[in-house]
1. Among the residues of segment 661-674, is any of a type in the set (Lys, Arg) and part of a loop (DSSP other than H, G, I, E, B)?
2. Just to verify a result, which residue in segment 277-294, among those that are out of contact with any helix residue (DSSP H, G or I) (no Cβ under 7 Å at 6 or more places or on another chain) and part of a loop (DSSP other than H, G, I, E, B), is nearest to VAL308 (Cα to Cα)?
3. So VAL381 ticks every box in (1) at pLDDT below 95; (2) surrounded by 20 or more Cβ atoms within 10 Å (Cβ to Cβ) but one. Which box is left unticked?
4. Since ARG260 meets every condition but one in (1) within 21 Å of the chain's Cα centre (by Cα); (2) touching a residue at least 60 places away in the same chain (Cβ under 8 Å); (3) on the phi < 0 side of the Ramachandran plot, which condition does it not meet?
5. May I ask you to list the residues in segment 277-331 that are open to solvent by 20 Å² or more (accessible area, probe 1.4 Å) and among the β-branched types (Val, Ile, Thr)?
6. What about GLY343, is it closer than 26 Å to SER362 by Cβ, of a type in the set (Gly, Ala, Ser) and open to solvent by less than 20 Å² (accessible area, probe 1.4 Å)?
7. May I ask you to verify whether ASP671 is within 25 Å of SER404 (Cα to Cα), of a type in the set (Asp, Glu) and open to solvent by 40 Å² or more (accessible area, probe 1.4 Å)?
Amino acid sequence: MAWSIAGAVAATLLLLFPAMVSGGAAAGEGRRLHTLFSVECGDYFDWQAVGLLHSLSKAGQPGGVTRLLSCAADQLSSYRGLRIGHTLQVPSYSRHPRTGDWYPAINKPAGVVHWLEHSPEADNVDWVVILDADQIVRGPIIPWELGAEKGQPVAAYYGYLKGCDNILAQLHTAHPEFCDKVGGILVMHIDDLRALAPLWLSKTEEVRQDKSHWSTNITGDIYGMGWISEMYGYSFGAAEVGLRHKINDDIMIYPGYTPRIGIEPLILHYGLPFKVGNWSFSKLEHHEDGIVYDCNRLFPPPPFPREVEMMESDQNVKRGLYLSIECINTLNEGLLLHHTSVGCPKPEWSKYLSFLKSKKFSELTKPKYWSSLKAENKVTVQQAALSQSRQPKIHTLFSTECSSYFDWQTVGLMHSFRLSGQPGNITRLLSCTDEELKNYKGHDLAPTHYVPSMNMHPLTGDWYPAINKPAAVLHWINHVQTDAEFIVILDADMIMRGPITPWEYGAKLGHPVSTPYEYLIGCDNILAKIHTRNPSACDKVGGVIIMHIDDLRRFAMLWLHKSEEVRADKEHYATNITGDIYASGWISEMYGYSFAAAELNLRHIIRSDILIYPGYVPLPGAKYKVFHYGLRFGVGDWSFDKADWRNNDMVNTCWAKFPEPPDPSAITKGDQNARERDLLSIECGRALNKALYLHHKRRNCPRLSTTIGRASKKMEEASTSNKFERVTQRSSVTTFGRKVESMDVTRQQAVERAADTVSRVHRSSRLARSSKMWIIAVWAISVLVFLLVISMFFSDRRRSVSRSRASRSQKAHI
C-alpha cells in the first residue's frame, strides 16, 4: 500500500513539475551553464561588478559566475577588490603587449581566451552566457529557453554596427554575408565559444589596427576612434567560424528607452546616461568613485514608484521609467548588501532604505522568467497591435556648420537627445566648405551627414549662413534612404527634455506640428502676399518641426527657394514688415519655411507646450520638451548668452565649461512664476555644463591639476613673446591660444586671473628652460674634455711608438 501511494505521489510530481525533473536532469543532458563577465582593476568596475553579481543572484541565474579580472602587475598591489565575487585573474591587454596600443576593451576577448585555456570550469560546462559589467539582470538567462542551439548563439541586436554591410566586413572576414550586428549579451555552446574565441581576439586586433576605416560613416562609431573594434572583432570572428545568430531584440534594453509594447526585457544595460524627471544617472560620472569601499554610501536615489506614476500618462513610457528606477534601485540594493557583508555598521534609517528593504520593492523586482514572459507578451502584443501600429518610425535632424560655436551646441543637444528617450536615430547635417573640412576636428560629435556649405551663395555671392538649414535638409532627402515616416527637425541651440513624437502631438500627413513664432508678422501683411499664392495659409511657426516624410519630400525644395526669394527681397527687410529687429533679412529662412508650407497648403498644428526659451515664464502645467537658448537669459547676477561664446573652443579645450548657474536651493520661494522660470533657466545652464563635462571625460582629458602644466608647454612651443598683456576694455588677449575680445567685467576678471596663472607658468617654464641650457652646456663641456683627453692619449702613444722604432733602428745600425 505504501509503495503504491509513493508511486502515485511521484507520478503526480512528474506531471505537476516537469521543469524540476528536466532541471535536475540538465547536467546529464548537456545543460551545464556558466556565466562570464569581464572587468579591470579599478573602482569603476568594482561597483558595476557588485551590481551585476547581486542582480544575477536575485534573478536566480543557474550555474557558476566568474569575473574575469584583467590587471597589470603594478595594479595588483594597490587593488582593493580581489574578494568581489568568484574571480579569475587574467593578464591585462589594456596596453597591447606587442603593438603598445591602449585599448582596454580588448580585455574581454582576451579574458575569455584565457578562461578557456586555464580554467577547469571551462572543461565542465556545456553553455556559456557572456555579459557586460554595466548590466542588471532581471531574470534567469537560460540558453535553451531563449532558443540557443549549437552553431546558433543568441545575442542582442546592435543595429549601429553598419560595418557589417560595407567595406569593413569585406576587408576583415571571408564571409561578410554571415556578419551579424549583435552584442550586449552572448549565449552560446561551449564548442562554439572554443572555435570563436581565438578569432574574436585576433579580429579585434585586426580591426583596431585598421585606422583608415575608423570613420563614423564606415563603423557607426560616433567618436570615429575605433572604440567598438572589439564588437566588430566578435561579429567578424563569428562570421568566419560560420555561426548564425538568433538575434533577440527584446531581451535587453537601455534604461531611458521606452520598451516595445508587451515586451519585458531580462537585461538592463546602463551604458548610456538616463533620467527620470529631474533625477539622472550616468556611469561616466562615477568613473573614479570608490562607492564600494565607502560604508553605507549609495548612488543618489531615483524617484519613488508613486512619484513616477504621476509623471507620465502614457502607460508604455511610464513602464520605461519604471525600468530606469528599477536599474538604479537594484544597483543600490547590491551596494547595501555588500557593505553589510564586509562589516560596515548598520546604516541610519531613511525612507529610501526602508523602501529597498520593503516587501513592495521585493515584489516589483522579483525574477522574470522568459518562458512565461513569452506567453504573456503574445497576448499583450495581440491586444496592443492597433496601438503599436500608430507609432511610426521617427528620425531627428539638426543643422550645423564647421565651427567651434556649433560644436559645443552639438555636444549639448546630443547629450540631451540620449537622455530624452527620443525614439529613432538622429543625424547632424554638417555644412562645410572643403577647406573647412581639412582642419575640422568635430567629426565624432554626432552621426553626421556632410553637405556643401551655402554660407556664401554659389550664384548670388550673398553671405547668409541660415540658408544652410533648408539646403541641408534638401541634400539629406535627396541622398539618404530612410524608413522613417516622420522627421523631427530641431536647431542646434536646443536642449531636449523628453521625447518629441507625432502621436503625442497629432502630426499627420498634410498637418505638420510646430511651435508659435508670433514675431513673424510678415504672414499678415504684404510680405506674404508677394511671396505666396496662399497667404491665408501662412502659419507663424518655427523652432521644432514634426513633418511626415512625404510632405517633407515635396516641401524641402520649395523651402530653399522661398528662403532665397525672401532673402533677395531687400526692399521689404524693414522691421515693421518682417518683425526682424535688425531689419537685415536675417530671418528670411523662417519666412521661407512659412511661405513654402502655405504654398503647399500644409496647415500646422501649433503647440505652445513643446518649446520654451529659458528666461520666459512657463505656461501653467506645460511639460516642455525643448529648451531653445537662442536669447540671453539669467538668474540673479548670473546670465548666459550663446553669442558670448561664438569664438570659444569649448569642445577641444579640456574641462572648458560655462559659468555655473546658481544652485536651485538659492531660488526664493516668493513669486511662483518667477521661481519656475528661474528653475528652468538653471536646468538649461546645468545641462550644457554636464554635457561638456561628460564630453571631456570621454575624451580622456587629463586631470585638472595637470592641465595647466600641459597648456604651458604648448604655449612655450608656440609663443613668439614671453609677455602677456593685461586685458583692458579695448585689448584682445590670447588665452591658451584663443583670442578673446570685448568682454564684460566678469569675464575680464576671469581672464586676468588666467593671465596671472599663465604668467607664473611662463616664469616656471623659463626657469626650467634655463636649467635645461645649463645641463646641455655641462654635457657639451664634458664631451669636449673627453675628446681632448683621448686626443692627448693617442698623440702620446704615437710619440712613444716613434721613439721605440727610432731606438730599434739605432741598435740595428750599431
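1. From segment 661-674, those of a type in the set (Lys, Arg) are 669; that's our starting set.
Okay, now just the ones that are also part of a loop (DSSP other than H, G, I, E, B), so 669.
Yes - at least one qualifying residue is present in segment 661-674.
2. Looking at residues that are out of contact with any helix residue (DSSP H, G or I) (no Cβ under 7 Å at 6 or more places or on another chain) and part of a loop (DSSP other than H, G, I, E, B), I get ASN278.
3. (2)
4. That leaves (1) as the condition not met.
5. Residue satisfying the conditions is VAL317 alone.
6. Details: closer than 26 Å to SER362 by Cβ: yes; of a type in the set (Gly, Ala, Ser): yes; open to solvent by less than 20 Å² (accessible area, probe 1.4 Å): no.
When the stated conditions are applied, GLY343 does not pass them.
7. Numbers: within 25 Å of SER404 (Cα to Cα): no; of a type in the set (Asp, Glu): yes; open to solvent by 40 Å² or more (accessible area, probe 1.4 Å): yes.
Against the criterion (within 25 Å of SER404 (Cα to Cα), of a type in the set (Asp, Glu) and open to solvent by 40 Å² or more (accessible area, probe 1.4 Å)), ASP671 does not qualify.
For (1) surrounded by 22 or more Cβ atoms within 10 Å (Cβ to Cβ); (2) acidic (Asp, Glu), each residue gets a yes or a no:
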site: MET557; (1), (2): no, no
site: LYS570; (1), (2): no, no
site: ALA574; (1), (2): no, no
site: THR578; (1), (2): yes, no
site: GLU599; (1), (2): no, yes
site: TYR629; (1), (2): yes, no
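The values are calculated or read from the model by the stated rules, or taken from the named source; none is laboratory data. All figures in this text were calculated on a predicted structure; none of them were measured in a lab. Because the Cβ atoms are built from the backbone with ideal geometry, glycine has one as well, and the counts that use them run over all protein chains shown. Accessible surface is based on the protein model in full, side chains and every heavy atom, while ligands, DNA and RNA are left aside. Shrake-Rupley method; radii C 1.70, N 1.55, O 1.52, S 1.80 Å.
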